[in-house]
Structure formats: structure tokens, C-alpha cells
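Participant: Pasting a structure below so you can have a look.
The values are calculated or read from the model by the stated rules, or taken from the named source; none is laboratory data. Everything quoted here is computed from the prediction, not taken from an experiment. Heads up, the Cβs are rebuilt from the backbone with ideal geometry, glycines too, and the neighbour counts pull from every protein chain shown. What goes into the accessible areas is simple: the full protein's heavy atoms, side chains included, and nothing from ligands, DNA or RNA. Shrake-Rupley method; radii C 1.70, N 1.55, O 1.52, S 1.80 Å.
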Amino acid sequence: MISKKELQEKIISCASELRSENPMSPSVTNAVTINFVANAQLAVGGSAAMCYLSDELITLGSLTDSIYVNLGTMLPLHADSIPETVKYYYGHGKKWTLDPVGIGSGKVRGSILQKVKAYPPSIVRGNASEILALCHLWGILDEEGDGRTRGVDATEPVDSAKDAAVRLARFTRGAVSVSGEKDLITDGQAVIYSYGGSKFMPMVTGMGCSLGGVAAAYACTGDPLTAAVCAANVYNLAGKRAEAESRGPGSFYVHFIDQLYLASPKDIAENPFDLVSADEGKADGKE
Amino acid sequence: MISKKELQEKIISCASELRSENPMSPSVTNAVTINFVANAQLAVGGSAAMCYLSDELITLGSLTDSIYVNLGTMLPLHADSIPETVKYYYGHGKKWTLDPVGIGSGKVRGSILQKVKAYPPSIVRGNASEILALCHLWGILDEEGDGRTRGVDATEPVDSAKDAAVRLARFTRGAVSVSGEKDLITDGQAVIYSYGGSKFMPMVTGMGCSLGGVAAAYACTGDPLTAAVCAANVYNLAGKRAEAESRGPGSFYVHFIDQLYLASPKDIAENPFDLVSADEGKADGKE
Amino acid sequence: MISKKELQEKIISCASELRSENPMSPSVTNAVTINFVANAQLAVGGSAAMCYLSDELITLGSLTDSIYVNLGTMLPLHADSIPETVKYYYGHGKKWTLDPVGIGSGKVRGSILQKVKAYPPSIVRGNASEILALCHLWGILDEEGDGRTRGVDATEPVDSAKDAAVRLARFTRGAVSVSGEKDLITDGQAVIYSYGGSKFMPMVTGMGCSLGGVAAAYACTGDPLTAAVCAANVYNLAGKRAEAESRGPGSFYVHFIDQLYLASPKDIAENPFDLVSADEGKADGKE
């Protein structure tokens, strides 16, 4: 298992290289927050390209190692274009980040999620209930320890999905990021809790979507765990800093984008986070 | 007919409950302003979920009592998905809010408007010319008093649609909200004029769309008339306050979202508005 | 060839009339920046209407002399709707502005670009590599002087596309605008270099798209060259002013929209720019 110090060094390297190289990570993402996703990726140093059609997304594959797939605002064409795209990226050893937003709703989304299981994502980003739902859909949890019985309405939502996230990460051999009051990120071995953020975050649409997009950007220059922690840390840091100068969700959004841009790699690495073993505390319920 | 005092009490209750309960009101809305609609709904206390597909919108029906339908940026799939969705919501006793933006343009939009007449909307939100056009399309106005002869270019546009709005509200048995320099809202009995707003509003795309979305959010916790007045009042209040601290449409948008968030239920109820009888002033031309 | 003074007078007239008349210029544009395009058009005095479907775009043709076509986020329906729309506008003597963003990627985009060559755009807006790619696709450059050999990664990108832009403008009999650190605009006779802008511009998605949209707005009240220079000048001016009061791309966007609104026609005409002959410097490599 990685140590906290090693992870911080990787974060600095990952965030620095994204700023210096500006690699592109294309996205197929929802209409509501597509602008926010692009601007967040640009603010942290990446380049953005948004598409609907698989032939375009595959063309861009020669220019990138990482793509972002978000399942909001589905259109019928996504039923084929997303699995085709993901198959290409996975088959060419590239990373892809999945945000299963809206899981459980609609035939198109359900069909996509069934198909892409064969090409497991490098990073999954969702809230506790979405991560649990994905694990159930993919049959990853057994009856007994499936986490669902503890409920997605637990006072500490991300911990309600801790076991599921660990199992999901072991299945995908990538990283899983569970968003909540604190964020939980795991690669199946280490569990990281990232702290910070803002009360305004739930009042701005696309905070979760753009966090996934930023994780996909960092995946151009870091491994899945590093990229996911890097994204969670910069969001928690920028959220905390932005709230201090905001009086509502309108000004918060503006300051948040500025703070994504202003955060140095060292700032990102030093945002408060804990690292524990995935197996730790299993018996005594301690995090 | 409701009194001004009763309406103010209902506004306080409606706005308070939206803030405390955060109910979701899904939307099918246009690509231009979909982000603004969601953020405006969140700023006043609601929850947002945007979809294209009727199976998703119908799934969300079990979680909500109110949906927002905006006819901007039509795609061919809307021709079926919107009527199917509206039929479901109407048939299940739920409220729906219609923004007939672009009425008169295009086969898809025309077909939708003809189909949904059978499931009258709880709230219609439009400018004077859109409300007049909808009344003509639905055959609600007779030759004589159709309001069109007075023109949509009257110096006082909302009053040019007053008769049409009253008739439309009597047809839908809901509320009609006519946006203009002042806003006119009617349930067919009372006519409310809400005052405030800003010169910057016409320079920011989506002010009308998001006003409709916010009315749909308030319809989760209030009757159609209360919801429509609540939305008009908070927009007029936030617009006036935001203008005082803005120098252009860019800063105005930011302050406007902040002010939507900062407006208390009491503030919203006390925003200047008049309430008269729908039949008052018909003979003497007084508003 | 027009003189600098004549062009400045035309810019003042074009920008003033847009503010006083608020003519509409419809757009078919991408989902990422559709909101920014509309708000930029409104900020400089235009009116906006965004559509996907050709029957709607053609209906709007009776209300406007200028349309904006941007090839980002292609959907299958664009394959027909864009050529049909462009054919109508061109055939009715109206102007259209093309942003060939993403050129080279995807069957839909390629098919559209082949079809619309028969209806040459009044204004083309792109970066150096996009302008070069469009010239190659349309067979406008001969082997020898095609500009591509000098590379799109030249330290002075816009000049790498100077010859291509001049030839393209002679082919379309309109204006070509090449965006870069400085902007190059030509009608095939005069070459204008417009200066200003900001380091934050590449960090905000949609700066190029909305520049094209604003050029289309100015094309309602000016000839293609005037409209394209007007747009480049107001962008360079607003960008420079906005940067002076911004600390990141979030605040920059807000100030930029405000500065678009605040720029007077005289300010726009007096933004630093050079005007030279298209044939000048061809031999000696001087700009």
C-alpha cells in the first residue's frame, strides 16, 4: 500500500505535469454541466474536447490517454456511441473515467452500464448511493456484506459505500471516488479521506460532474488513484477557499474556478487527507 | 378571489418549505440555458434533474409532483417524449409548467403544442406575444376580444396579453405568468402585477426560462398561482438587488444567483406587487 | 483597398447600429459554449436564437440577414440541417459565419464541410490550423504555397495561415478571421492585425466560438470585413480590460462579459490594429 508521503509526491508530479503539458482529455458528458466540466479541466491545466459521436471520440484517442464519460442527459445515440468509445479506449490501454449519474433511470443508461462492464473504468466517480447501485448492477457485492443494508441515508454517507467502493476498485483494478461531505477514494488497497469543500457545493450544478472531468484530466499525467485523489484534493481546497470569499452560489462558482486555477501542486498535495488500509477498521467500524 | 394578505402568507409558506425540503422538480429544457435553470432552482432551495427521454422523466415522476417543460432547442425526439411525459404527469395529478418559447417556429414545436392541449399545464410562463400565440393556437380567444388587435408591440406589453392570460388560466384551471417590464400573473380570478427586475435582464439569456424553472420548483410546495407569483417576486427582487451592485450583464448574472439564494421567504412575500380582480378595469381600461 | 480610417468609421457605424437596433442573428452551435455565444451576442447589442432544426432556422431567416454556424458537438441531424440552412441563407442573399471547429474529425462534420462549399460563408472564423485545414479540404491551396509546410506550430501561428486566409477570402468573397495571440482578418485585399486579448482567454472554453457568434451579430449591421474586425477588436479590448481586474479564469469570464457590454463603438474602433495590403510583405516575409 502506498504511503501518504509517496502519494503526496505523486500528486505534485501529476498536477505539475498537467499544468506544463496541457494534455487533452475528451469527454462525452451531459448538456447541463458540459461548460463547467470544460472550464474546470482548463482551470487545472488540461485541455478539453466534448463530443457526442463515437467516430469523433475515437479519432481523438490518438491524441490522449484518458477520456471522461458521464451518463447524464442521455440521448438514444449514446446507447451505441459510449460502449463503442469505451471499448476502443480500453482496448488500446487508455484510461477512462465513469460518472454513472442517474443510474437506475432509463433504458439507455441501463444498457450502457451493462455493456461497459466488460471494459472496466480506470476511475469511477459518484456519490455513495450511485457507487452502491453500480456495485449491485454489476453483481459485485454478495448478499451479506453489500453495504446496502446500512443504507445510503447514513449520517456519514461516504462510509456507507466504503466496502462497496473497495470491492468495486478491486474489480476494476482502478480507483473509485465517493463524493460526500468528506470524499473517499480507494484503489482497493488504500482508502483516502479528503477533507474540505463548501456548503455551497450542493447548490451549484455540476460539482460532481466536473470533479469527474478533472479526475480524467489528471489521469493524463497520473495513475488512477493519484488522479482521483488529486481531483478530490483540489476540489476540497478550492471549495474551502472560495466559500471564504462568497456570499452565495453565484459568486462561489466564480471564485471556485479561480481557486482551481490558483491552487499550486504543493497546495493540492497538502490539502488535509487521511490514508488508511482498506482492511483497517473493518471489524470495529472505525474509519 | 384571494386577498393580498392571504397570498403573502401562502408565498412565505411555499418559499420556506422549498428551502427546508429541497424537493426535486425535473426539467426537459433547452440546451442554451439548461445550466441556468438548474442553478436557479438550486439557489431558491429546490433540486434539479434534467432529461431528454420520456422513460427517465416518467421514472422521476415517483419522486416529484412538478415538472418543467421548455420548448427551446427542439430535437426530433421531443415530438414524442414531451407529450408522453406530460400525459403521465397530468394523468397522475401532478403539476407541470410550460414555457412555449419559440411558439410558431417549426413542426416539432407545433406538433407538441397541439398534443399537450389535452393535458393543460398548471402554469404557463411566457412573454406577451407567446401567451397570445398560445391562446390563438389553442383556439381560446374569440374574434372580438382576442387582444391581438391591440398588438404585442404595445408600450405596455404585458397588458396587451391580459385578457388572453385570464382566458388561458380559465382554460387550464391553473396560473399564467406573463413576463415583461412588470410581470402579470393570473389564475383567471385574480390578476397580480409584480414589480422590480432590472435593465440587465434582457441582456442575460435564460431569464425567462429559469423563471419558468423556478415556478416549477415552487409548484412542489405551493398551488400554481402562489408558485407563479413566488417566482415572479423573487426574480423581481433579486434582479433589482443585483442591478444595484452590477456594472454589466456578466456581474449581474453572478449577483442575481446570489440574491436568489439570499432572498428570505418574507422578502419574497413583501416584494412590491398589486392584486386586482380579473374583471376589474375591463370597461375603463384601468389596469 | 479600404483605409484604416474608413474601416474605423465603418466599425463605429456597425457597432452603434447593433446596439440601437438589436437585430437577431440565429445560431446553430455546440452544446459546450451555446450559453456563452448567446450572452456574448446580447452583451454587444445583438439578439440570439439557438436552434438545431433547419425548418426553425429557415423560419428565422425572414427576421434576419445573418446566421452563425459552428461545427462543435455534432449530432447526426446536423448532417442535413446545416447544409439545408446554409443553402437557404446563401440563396436568399443573407450572410453566414462558419466556425469549422473540429475540422478533420468525424464523418458528419466532413460531410457538412463538403456540402457547404457550394454556398461559401461570408465570414470564416478559426485558428490557424483550422483555416489551413479548411483550405486543404476545399482544394483552395496549390501544392507550392499552401502554408502547411510552414507548419501550424509556428511561433507566430496566425501568420502561418496568412496566405491561406487570403486565398480563402478570395474564394468566399467574404472575410476570414484567424484567431491567435494577435488576430488576423482579411477580405482578400486588406490584412488587418488586431491586438490585445488576455492570457486567460485560452483557459475559458468558448472564446473562439463566441467570437464567431459576435462576428455573425455584427454582420447584421456591417459588411463581412467590418463585422469580423469589429468582433476581433471588441474581444481584444474586452479581454485586455478584463484581465486587468481578474485573478483567474472564473472572474475573467465575468469581467469579460461586462467589458463587452461596456465597450463603446469608439472604443472598439480605436482598439490597436494594423492594416496592410494582402500582397504586401509577400516577398520579404514582413507581416
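Participant: Of all residues in region C:203-235, which are surrounded by 24 or more Cβ atoms within 10 Å (Cβ to Cβ) and among the charged types (D, E, K, R)?
Facilitator: Of everything in region C:203-235, nothing turns out to be surrounded by 24 or more Cβ atoms within 10 Å (Cβ to Cβ) and among the charged types (D, E, K, R).
Participant: Another one. Out of the residues in region A:229-258 that are β-branched (V, I, T) and more than 8 Å from every other protein chain (Cβ to nearest Cβ), state the one that is farthest from the chain's Cα centre (by Cα).
Facilitator: A:V234
Participant: Looking only at residues in region B:76-101 that are within 14 Å of chain C (Cβ to nearest Cβ) and open to solvent by 10 Å² or more (accessible area, probe 1.4 Å), which one is nearest to B:S210 (Cα to Cα)?
Facilitator: B:V101
Participant: Next up: Could you grab me the full set of residues in region A:42-67 that are among the hydroxyl-bearing types (S, T, Y) and under 21 Å from the mean Cα position of the chain (by Cα)? Please lay out each step first, then the result.
Facilitator: Initially, region A:42-67 is screened for residues among the hydroxyl-bearing types (S, T, Y), giving A:47, A:52, A:54, A:59, A:62, A:64, A:66.
Of everything in region A:42-67, those that are among the hydroxyl-bearing types (S, T, Y) and under 21 Å from the mean Cα position of the chain (by Cα) turn out to be A:S47, A:Y52, A:T64, A:S66.
Participant: Out of all the residues in region C:245-258, which are assigned to a loop (DSSP other than H, G, I, E, B) and in contact (Cβ under 8 Å) with a residue 24 or more places away in the chain? Don't jump to the end; show me each part of the working.
Facilitator: Taking region C:245-258 and keeping what is assigned to a loop (DSSP other than H, G, I, E, B), we get C:245-248.
Result: C:S246, C:G248.
Participant: If the requirement is being within 14 Å of chain A (Cβ to nearest Cβ) and within 18 Å of C:A215 (Cβ to Cβ), which of these qualifies: C:G104, C:G72, C:G110? Reasoning before the result, please.
Facilitator: Details: C:G104 fails: within 18 Å of C:A215 (Cβ to Cβ); C:G110 fails: within 18 Å of C:A215 (Cβ to Cβ).
Exactly one of C:G104, C:G72, C:G110 is within 14 Å of chain A (Cβ to nearest Cβ) and within 18 Å of C:A215 (Cβ to Cβ), namely C:G72.
Participant: If I filter region B:12-22 for residues that are of a type in the set (V, I, T) and open to solvent by less than 10 Å² (accessible area, probe 1.4 Å), do I get at least one hit? Outline the logic, then answer.
Facilitator: Here is the first cut: in region B:12-22, the residues of a type in the set (V, I, T) are B:12.
Filter once more, so that each one left must be open to solvent by less than 10 Å² (accessible area, probe 1.4 Å): none.
Looking through region B:12-22, none of the residues is of a type in the set (V, I, T) and open to solvent by less than 10 Å² (accessible area, probe 1.4 Å).
Participant: Go through region C:35-60 and count every residue that is open to solvent by less than 10 Å² (accessible area, probe 1.4 Å) and either at pLDDT below 95 or under 26 Å from C:P265 (Cβ atoms) (or both). Break it down stepwise before answering.
Facilitator: Filtering region C:35-60 for residues open to solvent by less than 10 Å² (accessible area, probe 1.4 Å) gives C:36-38, C:40-41, C:43-46, C:56-57.
Restricting the remaining residues to those that are either at pLDDT below 95 or under 26 Å from C:P265 (Cβ atoms) (or both) gives C:36-38, C:40-41, C:43-46.
Summing the residues that are open to solvent by less than 10 Å² (accessible area, probe 1.4 Å) and either at pLDDT below 95 or under 26 Å from C:P265 (Cβ atoms) (or both) in region C:35-60 gives 9.
Participant: What pairs come up if the first residue lies in region A:90-117 and is farther than 18 Å from A:D65 by Cα, the second is aromatic (F, W, Y), and their beta carbons are under 7 Å apart, counting only those six or more places apart or on different chains?
Facilitator: A:K117/A:W138
Participant: Turning to a different aspect of this structure: Taking region C:271-284, which residues are in contact (Cβ under 8 Å) with a residue 60 or more places away in the chain, open to solvent by 10 Å² or more (accessible area, probe 1.4 Å) and hydrophobic (A, V, I, L, M, F, W, C)?
Facilitator: C:L275, C:V276
Participant: Output the number of the condition that A:E56 fails; it satisfies all remaining conditions of (1) without any contact (Cβ under 8 Å) to a residue 12 or more places away in the chain; (2) more than 9 Å from chain C (Cβ to nearest Cβ).
Facilitator: Here A:E56 clears every test but (2).
Participant: Select from region B:137-156 the residues that are modelled with pLDDT under 95 and not in a loop (DSSP other than H, G, I, E, B) and write down the one among them that is surrounded by the fewest Cβ atoms within 10 Å (Cβ to Cβ). Outline the logic, then answer.
Facilitator: As a first pass, look at region B:137-156 and keep what is modelled with pLDDT under 95: B:140-156.
Next, from what is left, pick out any that are not in a loop (DSSP other than H, G, I, E, B): B:148-150.
Details: B:R148: 17, B:T149: 9, B:R150: 17.
Among residues in region B:137-156 that are modelled with pLDDT under 95 and not in a loop (DSSP other than H, G, I, E, B), the one surrounded by the fewest Cβ atoms within 10 Å (Cβ to Cβ) is B:T149.
Participant: Oh, and also: Is it true that some residue in region B:65-73 is surrounded by fewer than 24 Cβ atoms within 10 Å (Cβ to Cβ) and farther than 17 Å from A:L75 by Cα?
Facilitator: Checked against the condition, which is being surrounded by fewer than 24 Cβ atoms within 10 Å (Cβ to Cβ) and farther than 17 Å from A:L75 by Cα, region B:65-73 yields at least one hit.
Participant: If you check C:D267 against the conditions, is it more than 16 Å from the chain's Cα centre (by Cα) and of a type in the set (D, E)?
Facilitator: Here the answer is yes, as C:D267 does meet what is asked.
Participant: If you don't mind, there's one more thing I want to ask. When you look at C:I268, is it farther than 28 Å from B:M201 by Cβ and either touching a His at 6+ places or on another chain (Cβ under 8 Å) or crowded, with 19+ Cβ neighbours inside 10 Å (or both), yes or no? Let's see the steps before the verdict.
Facilitator: Values: farther than 28 Å from B:M201 by Cβ: no; either touching a His at 6+ places or on another chain (Cβ under 8 Å) or crowded, with 19+ Cβ neighbours inside 10 Å (or both): yes.
So C:I268 does not fit the description; no.
Participant: Next question. Would you pick out the residues in region A:192-202 that are in contact with an Asp or Glu (Cβ under 6 Å, 6 or more places away or on another chain) and open to solvent by 10 Å² or more (accessible area, probe 1.4 Å)?
Facilitator: A:S198, the sole residue that qualifies.
Participant: A follow-up question, please. All but one of (1) touching a strand residue (DSSP E or B) at 6+ places or on another chain (Cβ under 9 Å); (2) at positive phi hold for C:G45, so report the exception by its number.
Facilitator: (1)
Participant: I would also like to ask the following. Which pairs have Cβ atoms under 6 Å, sit 6 or more apart or on different chains, and link a residue in region C:197-208 that is away from every other protein chain (no Cβ under 11 Å) to one that is open to solvent by 10 Å² or more (accessible area, probe 1.4 Å) and modelled with pLDDT of 95 or more?
Facilitator: Filtered contacts from region C:197-208: C:S198/C:E243; C:G208/C:S179.
Participant: Would it be correct to say that A:Y261 is in contact (Cβ under 8 Å) with a residue 60 or more places away in the chain, within 13 Å of chain C (Cβ to nearest Cβ) and outside any loop (DSSP other than H, G, I, E, B)?
Facilitator: So A:Y261 passes the test.
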